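Enquirer: Take this structure, written in structure tokens, and hold onto it; I'll ask about it next.
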Amino acid sequence: MVKGTYTIVVNLPEPETLTIGSLGRHELPAGYYAYTGSAFGPGGFKRVDRHHEIAAGKRETRHWHVDYLLGNTAAGVETVARSPEAEIECAVADEVARTGTVVVDGFGASDCDCPAHLHFSEEREALVAAVRTAHGR
């Protein structure tokens, strides 16, 4: 079972108002979002498969903040970057933050001191490049 850190880049084609668990109600603009998470649990990178299933409407249960973005909107997963066996979730999120902005404080970061692990950009290419660079370091 391969474990590690991952980032999914999500396309949100239209603005959405979401209630995101305990984070409450938020307005999300249309554009691209990079969500960085860790897959060190028993399923490892199968967590990424779960994200795809939620985005495709094949799962209903919401466990993590990203589930609300993927499951309640027209959002689609554009690309995924993985760093096998590397526990670098906060470092990757920090690097991606240099390109993207935080829209929802605390999103995906309830167990650390980061401002958020979800970053927004109107520009897909810039965000994908930032994600790849962060995982390449």
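Enquirer: Taking a temperature of 37 °C and a viscosity of 0.692 mPa s, what whole-number D in µm²/s does Stokes-Einstein yield for region 73-136 with Rh from Kirkwood over alpha carbon pairs? If you can, show how the numbers build up before the last one.
Expert: Details: Rh = 12.3 Å.
Here the translational diffusion coefficient equals 267 µm²/s.
Enquirer: While we're here: Looking only at Gly43, Gly71, Gly31, which one moves most when the chain is put into a Gaussian network model with springs between Cα atoms under 10 Å?
Expert: Gly43
Enquirer: How big is the chain along each principal axis, measuring the range of its Cα positions in Å and listing the largest first?
Expert: The Cα atoms of the chain stretch 35, 30, 26 Å along the principal axes, largest first.
Enquirer: With springs only between Cα atoms under 10 Å apart, run a GNM on the chain and tell me which of Pro115, Pro29, Pro42 wobbles the most.
Expert: Pro42
Enquirer: Could the peptides 1-11, 83-93 be put in order, highest first, of the mean number of other beta-carbon atoms found within 10 Å of their residues?
Expert: Numbers: 1-11: 19.8, 83-93: 18.0.
Order by mean packing, descending: 1-11, 83-93.
Enquirer: Let me ask something else about it. Expected output is a single nm value to one decimal: the length gained when fully extending between Arg124 and Asp111, i.e. 0.36 nm times separation in residues minus the C-alpha distance. What is it? Each step should come with its number before you reach the end.
Expert: On the way: separation 13, 0.36 × 13 = 4.68 nm, distance 2.77 nm.
Stretched out fully, the Arg124 to Asp111 stretch lengthens by 1.9 nm.
Enquirer: Based only on other Cβ atoms within 10 Å, what is the fewest-to-most ordering of Phe107, Phe40, Phe45?
Expert: Values: Phe107 26, Phe40 15, Phe45 18.
Arranged by neighbour count, lowest to highest, Phe107, Phe40, Phe45 become Phe40, Phe45, Phe107.
Enquirer: For the chain, which DSSP H helices look membrane-span-like by this rule: Cα extent along the axis of 24 Å or more and mean Kyte-Doolittle of at least 0.0? Please list the in-between numbers first.
Expert: Numbers: long enough: none.
Answer set is empty.
Read the figures in this text as sums done on the coordinates, not as results from a lab. Since the structure is predicted, the reported quantities are computational estimates derived from the model, not experimental observations. Positions of Cβ are backbone-derived with ideal geometry, glycine not excepted, and every protein chain shown enters the neighbour counts.
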